[in-house]
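Please read the structure below before turning to the comments.
Throughout, read-outs are computed from the coordinates displayed, never taken from laboratory work. These figures come from a predicted structure and were not determined experimentally. FYI the Cβ positions are ideal-geometry reconstructions off the backbone, even for glycines, and counts take in every protein chain you see.
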């Protein structure tokens, strides 16, 4: 069974630029999550989708972050404009029941 | 909302000894508690989980215990090996919600 796929693995951008991350969940998983993991901390939920609908986006900084999951499969997370404090690993996860499985993440560095 | 505290933040044990990591949660409605292992440059990997209807679960060298009354749960690793070195995260969620709240992580180092 293929795992959660994310791209790119690494991204370096200047502050105020925009960036997008892509996630392909495990086939058949209805729930998709985007987490932000700052160095030395645990993952923090940004947004949770159930199929193509948003379940929870209470922690998403909506003035600069956006996410979509068209057709209930792949998802993209966008940051525009980026700030220095957005430097982190962005993790995508998917689940079909309780257990969530993570991708390898995208390491974003904002300079 | 849910708050999960995890201790210790770092732990070093001799190879072959046991390691214990402890977590507490605040929301008594939480009823699902997974543990994740994260190696450098990789995403968190689910290693074991427990639901609130059981007090203990084992999988080879790994076990998790849950005390619902005290809102504590712990990860126990026996006969530790160098490949057990990683950062371990506990998490909690409510069945049907599936939103995981993570602890702050424990960096486990196995000393050969």
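Average projection, convex hull of the Cα set of chain B: 6.6 square nanometres.
Explain nothing, just the number: relative contact order of region B:47-112, from Cα pairs under 8 Å at least 6 residues apart, as a whole percent. 22 percent.
Using C-alpha pairs below 8 Å separated by at least 6 residues, the relative contact order for chain A is 37 percent. Its residue count N sets the reference 2.2 N^0.38 Å, and the alpha-carbon radius of gyration of the protein assembly as shown equals 1.02 times that reference.
When you restrict to C-alpha pairs under 8 Å that are six or more residues apart and normalise by the size of chain B, the relative contact order lands at 37 percent. Extension gain for residue A:111-residue A:96 works out to 1.7 nm (0.36 nm per residue, less the C-alpha to C-alpha distance). Inter-part distance, region A:47-89 to region B:13-62, computed on C-alpha centroids, equals 27 Å. DSSP bridge analysis restricted to the protein assembly as shown gives an antiparallel fraction near 90%, rounded to the nearest 5. Listed from fewest to most Cβ neighbours within 10 Å, the set A:33, A:10 follows the order A:10, A:33. Considering all C-alpha pairs of chain A, those separated by over 18 Å amount to 43%.
Each eigenvalue of the Cα gyration tensor of region B:48-112, multiplied by 5 and square-rooted, gives one semi-axis; in descending order these are 23, 15, 10 Å. By the count of neighbouring beta-carbon atoms within 10 Å, fewest first, B:94, A:38 end up ordered A:38, B:94. Using 0.36 nm per residue and subtracting the Cα-Cα separation, the extra length available between residue B:20 and residue B:62 on full extension is 14.1 nm. Sorting A:46, B:11, A:70 from the fewest to the most surrounding beta carbons within 10 angstrom yields A:70, B:11, A:46.
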